[in-house]
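Novice: My structure is below; once you've seen it, I'll send some questions.
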Amino acid sequence: MRLLYSLFCFAAILPAQTLHIYAIDVEGGKSTLYVSPSGESMLVDTGYAGNNNRDADRITAAAASAGVKQIDYLVVTHYHGDHAGGVPQLAAKVPIGRIYDHGDNFETSNKKTQAVFLPYTALREKYPHQTAKPGDIIPVRGLQVTIVASAGNSIAKPLPGAGQPNPKCATYQALPPDPGENARSIAMIIAFGKLRIADLGDLFWDNEYELACPVNKLGAVDLYMTTHHGTATSGSPQMVEALHPRVAIMNNGADKGGSIKAWTAIENSPGLEDLWQLHYSNEGAKDHNVNEKFIANPSTENDKGYSIEVLALPDGSFTVRNDRTQFEKTYRK
Ligand SMILES: [Zn+2]
């Protein structure tokens, strides 16, 4: 009886230690679900509106698979349709605890952005809501979620343990800054035990420079959720090499992000073990896509919207899984 009891306890303890992450396929948008071992959940962005509830359905399926009945914390990184468009459809399906965003819309003269922002703001009034500032903590139990940039401002001082000079800054080549919403994205470092994750929204090259140069304010991470879908104006070598990720997951579409430039910066980053992609990139073609087993959705013709999942332990080891094939690979600390 005692043995049975111990076995039962062991089985109950193991899953309880796991952080579960779903990089949900919202067809070139962004939606990433983090489910802490505490049972609390944080969703970063909601994908697009429309498409017969496609993205809201995919998010609720991921939440159900993780055993969560509500989104405790919804982070809306910025007000573009591929990130905030799906909020009303999602809210109609799932209870949401608290919403974090960067505040006002910086593209009030852009009709497309306003068409996302206005219904979103009408909805957020019904929820507890907080405007995120650099240095704020999102209190997901079991995780340490630190906002490092929001509304175009970034942390003034390096995070604890970071702050090393970044030699890559010497070769930085500036690009024109983004005047709109991408540059105002909420960016986060998420820690779980010894595991660190960078999730920087759609920040641009120059915003990344502020975080990476002249000193690396963020420190190294294990997992890099690629910035701006792998678009060529984000994911600078200065930022990526400062993060020094072991694994990167790219939220690209077939024709959205997945640029040769950002892809190459990741592949060339010292210490990278694997890059995983949500889609095959048409721009990348034969030479700038990863092996098909690391791609969740390799074909646009038969796109079933597969996710990439991560199961992480507090010792810093984690397993990445392709939902299409169940192919998985474990990365030990
Ligand atoms: Zn985007």
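The values are calculated or read from the model by the stated rules, or taken from the named source; none is laboratory data. All values reported here derive from a predicted model rather than from experimental measurement. Neighbour counts run over all protein chains shown; Cβ positions are idealised from the backbone, glycine included. Heads up: the accessible areas ignore ligands, DNA and RNA and are worked out on the full protein's heavy atoms, side chains in. Shrake-Rupley method; radii C 1.70, N 1.55, O 1.52, S 1.80 Å.
Novice: Need the failing condition index for Asn53 against (1) under 24 Å from Lys256 (Cα atoms); (2) under 17 Å from the mean Cα position of the chain (by Cα); (3) open to solvent by 10 Å² or more (accessible area, probe 1.4 Å), just the number.
Specialist: (2)
Novice: A further question on this structure: Show me the strands (runs of 3 or more DSSP E) found entirely inside the stretch 268-333 where at least 2 residues are in contact with a Leu (Cβ under 8 Å, 6 or more places away or on another chain). Let's see the steps before the verdict.
Specialist: Numbers: elements: 274-279, 295-297, 308-312, 318-322, 328-331.
By residue number, 295-297, 308-312, 318-322.
Novice: If you don't mind, another one. Cβ-Cβ distance below 7 Å, separation of 6 or more or different chains: which pairs start in the stretch 248-265 with a residue that is more than 9 Å from His279 (Cα to Cα) and within 12 Å of the ligand (Cβ to nearest atom) and end on one that is of a type in the set (Ser, Thr, Tyr) and not in a strand (DSSP E or B)?
Specialist: Taking only residues 6 or more apart or on different chains, the pairs are Gly257/Thr231.
Novice: Tell me which residues, restricted to the stretch 214-241, are out of contact with any Pro (no Cβ under 9 Å at 6 or more places or on another chain), more than 16 Å from the ligand (Cβ to nearest atom) and open to solvent by less than 10 Å² (accessible area, probe 1.4 Å). Steps first, answer last, please.
Specialist: Restricting attention to the stretch 214-241, the residues satisfying the condition of being out of contact with any Pro (no Cβ under 9 Å at 6 or more places or on another chain) are 225-232, 234-240.
Filter once more, so that each one left must be more than 16 Å from the ligand (Cβ to nearest atom): 236-240.
Correct list: Ser236, Gln238, Met239, Val240.
Novice: Also, I was wondering about something else. Of all the residues that make up the stretch 285-331, how many are in contact (Cβ under 8 Å) with a residue 60 or more places away in the chain and charged (D, E, K, R)?
Specialist: Matching residues across the stretch 285-331 total 3.
Novice: Moving on. Name the single residue, out of those in the stretch 170-186 being within 16 Å of the ligand (Cβ to nearest atom) and not in a loop (DSSP other than H, G, I, E, B), that is most open to solvent (accessible area, probe 1.4 Å).
Specialist: Arg184
Novice: All but one of (1) of a type in the set (Asp, Glu); (2) more than 16 Å from the ligand (Cβ to nearest atom); (3) surrounded by fewer than 18 Cβ atoms within 10 Å (Cβ to Cβ) hold for Glu309; state the number of the condition that does not hold.
Specialist: Status for Glu309: all satisfied but (3).
Novice: Something else: Quickly run through the stretch 105-141 and pick out the residues that are open to solvent by 50 Å² or more (accessible area, probe 1.4 Å), under 21 Å from Glu210 (Cβ atoms) and free of Cβ contacts under 8 Å to residues at least 24 places away in the same chain.
Specialist: Answer for the stretch 105-141, where residues must be open to solvent by 50 Å² or more (accessible area, probe 1.4 Å), under 21 Å from Glu210 (Cβ atoms) and free of Cβ contacts under 8 Å to residues at least 24 places away in the same chain: Lys133, Ile137.
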